[in-house]
1. Report yes if some residue within segment 40-57 is farther than 16 Å from Ala9 by Cβ and of a type in the set (Asp, Glu); otherwise report no.
2. Kindly establish whether Thr68 is in contact with a Leu (Cβ under 6 Å, 6 or more places away or on another chain) and closer than 23 Å to Leu4 by Cα.
3. Determine whether Ala116 is at pLDDT 95 or above, small (Gly, Ala, Ser), outside any loop (DSSP other than H, G, I, E, B) and more than 21 Å from the chain's Cα centre (by Cα).
4. List every residue pair whose Cβ atoms sit under 7 Å apart, with the two residues 6 or more apart in sequence or on different chains, where the first one lies in segment 80-105 and is under 16 Å from Leu10 (Cβ atoms) and the second, anywhere, is polar (S, T, N, Q).
5. Give the residue that is surrounded by the most Cβ atoms within 10 Å (Cβ to Cβ), with candidates limited to residues of segment 26-54 that are in contact with a helix residue (DSSP H, G or I) (Cβ under 9 Å, 6 or more places away or on another chain) and farther than 14 Å from Cys88 by Cα.
6. Is one or more of the residues making up segment 72-87 at pLDDT 95 or above and polar (S, T, N, Q)?
7. In the list Leu41, Leu26, which residue meets the criterion of being part of a helix (DSSP H, G or I) and either within 13 Å of the chain's Cα centre (by Cα) or of a type in the set (A, V, I, L, M, F, W, C) (or both)?
8. Exactly one condition in (1) assigned to a loop (DSSP other than H, G, I, E, B); (2) without any contact (Cβ under 8 Å) to a residue 60 or more places away in the chain; (3) over 14 Å from the mean Cα position of the chain (by Cα) is not met by Arg33; state its number.
Amino acid sequence: MTGLAYLGALAVSLGGMAVIDRRFRLAFWHDARRAALTVGLGVVGFLLWDVAGLVLGIFARGESPWMTGVLIAPDLPIEEVFFLTLLCYVALVVWRLLEQVLRGRHRTPGGGAGLADRDGDA
């Protein structure tokens with residue numbers, strides 16, 4: 001059971017990001033096609049980086065009881081894909097949130113105050 005802990009934590013974190021994204025319509029709930037392209041290209045880019053690092057001997061896979069042990073390529077665990085997806089998704093959501101806050105355009109879906117002006121700071 002512990003072999004699924006890390007993958008499960010990544011999946012829960014991705015779900016949490018999706019809830020935030022949906023609530024504030026920042027990425028996939030704003031423009032699903034562009035968000036998928038952005039996250040997908042980021043994941044592919046980082047996976048190529050990982051493969052290059054593994055081939056060159058810069059990176060190595062560590063053993064952990066918290067991982068599944070499922071590999072998608074030699075020394076490349078399935079958890080890496082989930083981690084990179086989370087990394088790219090978080091980066092996109094934060095970028096979009098900061099962009100909206102700095103432009104003063106962030107409002108919640110119901111039209112109320114967004115994160116920027118809940119404390120009267122905006």
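1. Yes - at least one qualifying residue is present in segment 40-57.
2. yes
3. On the way: at pLDDT 95 or above: no; small (Gly, Ala, Ser): yes; outside any loop (DSSP other than H, G, I, E, B): yes; more than 21 Å from the chain's Cα centre (by Cα): yes.
For Ala116, the condition - at pLDDT 95 or above, small (Gly, Ala, Ser), outside any loop (DSSP other than H, G, I, E, B) and more than 21 Å from the chain's Cα centre (by Cα) - is not met.
4. Note: pairs meeting the criteria are Leu86/Ser13.
5. Once the filter is applied, the top-ranked residue is Asp50.
6. Checked against the condition, which is being at pLDDT 95 or above and polar (S, T, N, Q), segment 72-87 yields at least one hit.
7. Answer to the check: Leu41.
8. Failing condition for Arg33: (1).
The values are calculated or read from the model by the stated rules, or taken from the named source; none is laboratory data. The structure presented is a predicted model; accordingly, all values stated were derived computationally and were not measured. Because the Cβ atoms are built from the backbone with ideal geometry, glycine has one as well, and the counts that use them run over all protein chains shown.
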